[in-house]
Amino acid sequence: MYADIIVDITHEKLDKIFQYRIPKEMEGRLQTGMEVLIPFGRANRETKGYVIGFSEKCNYDPEKIKEITQIIQNHIAIEAKLVALAAWMKEHYGGTMIQALKTVLPIKQQEKQKEQRSIRLLLDRREAKERLSYFLSKNQTARARVVAALLDRPILPYEYVTRQLKVTAAVLRAMEEQRILQIEAEVVYRNPVTAKRTKQQSFCYTEAQQAAIHTFCEEYRRGKRGTYLVYGVTGSGKTEVYMEMIEHVIAEGKQAIVLIPEIALTYQTVMRFYQRFGDRVSIINSRLSKGERYDQMIRAKRGEINVMIGPRSALFTPFERLGLIIIDEEHEGTYKSEQTPRYHARETAIARAAMEGASVVLGSATPSMEAFYKAMTGEFRLLRLPERTKQRAMAHVTVADMRKELEKGNRSIFSDALRSLMEDRLKKKEQIMLFLNRRGYAGFISCRSCGHVVKCPHCDVSLSSHRNGKLVCHYCGYEQPMVTSCPECGSSHVGGFRAGTQQIEELLLREFPQAKVLRMDMDTTKQKDGHEKILAAFSSGEADILVGTQMIVKGHDFGNVTLVGVLAADLSLYADDYRAGERTFQLLTQAAGRAGRGEKAGEVVIQTYSPEHYSIVAAAKQDYEQFFQEEMTYRALMGYPPASQLMAVLVSCKEEELLETACHYLKAYAETCCKKCERAGTSVQLIGPASPYVGKVRDTYRRVIYLKSEQEAVLVFLKDQLEQYIEINSGFQNLWIQFDLNPMSVF
Ligand code: ADP
Ligand code: ZN
Ligand code: ZN
């Protein structure tokens, strides 16, 4: 047996794996993730390395291979734990160990980081003035210059003081010792927590909050670890519950990671954590440079902080004493990585927690099918928060059937119901949000008279119109000619749904000339902080109506919004994707959750061509559990996750012909593997190869093969088999093959 070893992961040497012989006495003791001493390089310098795997075969001359010197005992460093997690990710999601390691380990940037030091005055104005006159009287002019400048501005850039004021580092250090000033080596952004911990909230927890907190803390105290799902409507006080749980975990000397989708990582959210936990909190977001992000990881590793807040990648915060991982809005698609290894933060968090003895708390108002399914089977502990705090009622929802509007002769984008409510709100000076559902828009074809949508006869997902004039299924490759009339009712009102936020804005200006309108979409949020600025403007009452895509349904609370209109609920419903119903339900529920957050009650109008679809019926009733039951039936019937497991094999190549041949062989090999599984008693279904929605990206052609099985382990086994087959066959050299376990959407 040989050990695969990565040398010196703290530096830039990630790109090579070395093999070492395992000495007899270490056999059976050596584990993945362990730190070892090895002879390295020509001089056989004693070097530290991490074991990342084992192989029976030696890739070098067995005569020349060196032996591991020693296991470094009693010290499982955080890196070792993360290396073990990387090994789990590689095993689970495919790809190389290097790719996995680059995902989990904080990697130092090569360029020297700019240290932004600053100088802060520690004295109050009176004391500072006294010091100033003292220094002047003693003719200590350098010191006097510093104090004078600090009296003008209490925080000064270090470089300004040394260069412009010509004060030496020695003088500044001396003044720091005298407690006149403090030299701060961190960027102000990085540690904005000069805010003191304010006294905590003045309200009492609701009964449901108390029960959730009690269950978690009691089990935690008894040493029980596991995964919890906090299922609570928006505004039910989930964040308060998380903070209480974190407090408890910290009190036991542990650390916590809080994952929040980037878009919800607003200043307000972060401040709530700061106010509670003070400067023991840090944050990671995309606005930080790579260097700054690395610094946060180092602060975490040194134990300077014990709560880290951030999006998906914050999951790999190198806390030595990890006790809790919280994933807020766990249903969000952004928790799944789009890069190999295509890991899901939820599954990976559970794996990390299991390795390090931590618990996981997931939270959502609309839990993912995966999470709620596991809560139902008892794998996760369900904690319910069924009511909004402060006795606020949920909004009242009406469904407007757009087929009926067409029958009545109303060809406008607004139903009569929505229009009259809008007039009412404009009169009362209350605010309106119009949400154009564009998520998952993938060119489906529907009938405006009867609502019929053209679907694949084999897969029950909608067909997409391609430029070649055909309708295509992206799961199985089925094709048919474009339709010119509705196959159900014969109406000629068939086609794709096309309406942008800009058109809606123009229409509003025509129909409601008295109204002030703000628009939020990709165009208007391009500039830095554009998103926050528009929301802030709307929040301060600068407009009556906010029109936007799904961006507007998250984050901010607008107390004066009493009407939410959903303009095209169907767009996400008929994305060519098995998660379309789930996504629609989530979006509608979130949109509805925007209405009536303040004192006044809210109303919601959902406009749709398919009012009988269960996603819409359940969203209108705000009944998650009804939705879950119906959706589970569909997933089980069609063999989609979580009822069954799905593995996508995405193959791309510059040459179309080579791609076809490679897919043919890959499929044939996969078929033989599937037969093996079948003989062993587990059935696997193979679908494709099909062209993904975007069949060609930057001159690279793409195909997908799907594998379906009830058991995840079988799919992981098949992935391993295919990866080996690809590796030993030189024919695949010019192809790029990626695996995706339970993809968030179809390719
Ligand atoms: P969620 O995360 O479920 O949307 P939050 O924790 O953000 O809910 O709570 C929503 C609002 O209600 C916040 O302003 C919070 O401070 C407040 N809140 C939370 N719990 C209570 C409570 N028990 N009583 C009164 N207000 C509460
Ligand atoms: Zn029709
Ligand atoms: Zn199909």
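The values are calculated or read from the model by the stated rules, or taken from the named source; none is laboratory data. Keep in mind it's a predicted model, so treat the numbers as computed, not measured. Cβ placement follows ideal geometry from the backbone for every residue including glycine, while neighbour counts extend to all protein chains displayed. Note: accessible area is taken over every heavy atom of the protein model, side chains too, but ligands, DNA and RNA are not part of it. Shrake-Rupley method; radii C 1.70, N 1.55, O 1.52, S 1.80 Å.
With a point put 7 Å past each Cα toward its Cβ, work out how far Asn139 is from Arg153 in nm, to one decimal.
Inter-label distance under the simple model: 3.1 nm.
For Thr377 and Phe203, calculate 0.36 nm times their separation in residues minus their Cα-Cα distance, and state this gained length in nm to one decimal. Let's see the in-between values first.
Numbers: separation 174, 0.36 × 174 = 62.64 nm, distance 3.47 nm.
In short, 59.2 nm is gained.
Evaluate the charge dipole of the chain about its Cα centre and quote only its size in Debye, nearest 20, assuming +1 on the Cβ of each Lys and Arg and -1 on the Cβ of each Asp and Glu.
Working: 103 positive and 92 negative charges, 524 e Å.
Around 2520 debye, computed over the chain.
How high is the relative contact order of the chain, in percent, with contacts defined as C-alpha pairs under 8 Å that are six or more residues apart? Could the numbers behind the result be given before it?
On the way: 1355 pairs, mean separation 78.4, N = 747.
RCO, the chain: 10 percent.
Below 8 Å, C-alpha to C-alpha, sequence gap of six or more: please give me the relative contact order for the range 506-634 in percent.
Values: 161 pairs, mean separation 27.3, N = 129.
About 21 percent, as a whole number.
Within 10 Å of each candidate Cβ there may be at most 14 other Cβ atoms; applying that plus a DSSP loop requirement, which GluC sites (Glu not before Pro) in the range 200-274 survive?
Within the range 200-274, the qualifying GluC sites (Glu not before Pro) (loop, at most 14 other Cβ atoms within 10 Å) are Glu252.
Debye calculation, C-alpha points only, no solvent: report log10 I(q)/I(0) for the chain at q = 0.07 Å⁻¹, in the same order as the q values.
-0.62
Label Leu406 and Glu660 with points 7 Å out from Cα along Cα→Cβ: what is the distance between them in nm?
3.8 nm
How large is the accessible surface of Asp623 in square angstrom, using a 1.4 angstrom probe and rounding to the nearest 10?
Taking all protein chains as shown, Asp623 has close to 50 Å².
Applying the Karplus parametrisation 6.51 cos²θ - 1.76 cosθ + 1.60 with θ = phi - 60° to the phi angles of the range 724-730, what ³J(HN,Hα) value in whole Hz is obtained for each residue in order, glycine and proline being reported as x?
5, 4, 5, 5, 8, 9, 5
Indicate the gyration tensor shape class of the range 12-58 (rounded, prolate or oblate), computed on the Cα atoms with a ≥ b ≥ c the square roots of the eigenvalues: a/c under 1.5 is rounded; otherwise a/b larger than b/c is prolate and the rest oblate.
Working: a/c = 1.59, a/b = 1.36, b/c = 1.17.
Prolate, because a/c is 1.5 or more and a/b exceeds b/c.
Could you give the radius of gyration (one decimal) and Dmax (whole number) of the Cα atoms in the range 248-353, in Å?
Just the Cα atoms of the range 248-353 yield Rg and Dmax of 13.0, 37 Å.
Just the number, please: carbon plus sulfur as a percent of the accessible area of the chain, 1.4 Å probe, no ligands or DNA/RNA counted.
Details: 16930 of 34620 Å².
The value for the chain is 49 percent carbon and sulfur by accessible area.
For Ala354 and Ser286 in one chain, what is 0.36 nm times their gap in residues minus the Cα-Cα distance, to one decimal in nm? Write down the numbers at each step before the final one.
Working: separation 68, 0.36 × 68 = 24.48 nm, distance 2.81 nm.
This chain segment gains 21.7 nm when fully extended.
Starting with the highest mean, order 641-652, 540-551, 729-740 by the number of other Cβ atoms within 10 Å, averaged over the residues of each peptide. Please report the intermediate quantities before stating the final value.
Numbers: 641-652: 20.7, 540-551: 18.7, 729-740: 15.4.
Averaged packing, sorted descending, gives the order 641-652, 540-551, 729-740.
State the extension gain, in nm to one decimal, for the chain segment bounded by Ala601 and Ala264, taking 0.36 nm per residue of separation less the distance between their alpha-carbons. Don't jump to the answer; show the numbers that get you there.
On the way: separation 337, 0.36 × 337 = 121.32 nm, distance 2.40 nm.
Value of the extension gain: 118.9 nm.
State the antiparallel share, in %, of DSSP beta bridges confined to the chain, rounding to the nearest 5.
Values: 60 of 111 bridges.
So the antiparallel bridges in the chain amount to around 55 percent.
What value, in deg cm²/dmol to 500, does the helix sum -39500 (n - 2.57) over DSSP H runs of n ≥ 4 give at 222 nm once divided by the residues of the chain?
Working: 21 runs with 252 residues, N = 747.
For the chain, the value works out to -10500 deg cm²/dmol.
At what distance in nm do the modelled label points of Gln70 and Ala668 sit from each other, each positioned 7 Å from its Cα along Cα→Cβ?
For the pair Gln70/Ala668, the computed spacing is 5.5 nm.
What whole-number value in Å² describes the accessible area per residue of the chain for a 1.4 Å probe?
Details: 34620 Å² over 747 residues.
In whole numbers, the chain has 46 Å² accessible per residue.
What GluC sites (Glu not before Pro) does the range 404-505 have in DSSP loop regions with at most 14 other beta carbons within 10 Å? Walk me through the numbers before you get to the answer.
Values: sites: Glu405, Glu407, Glu423, Glu430, Glu479, Glu488, Glu505; in loops: Glu430, Glu488.
Answer in residue order: Glu488.
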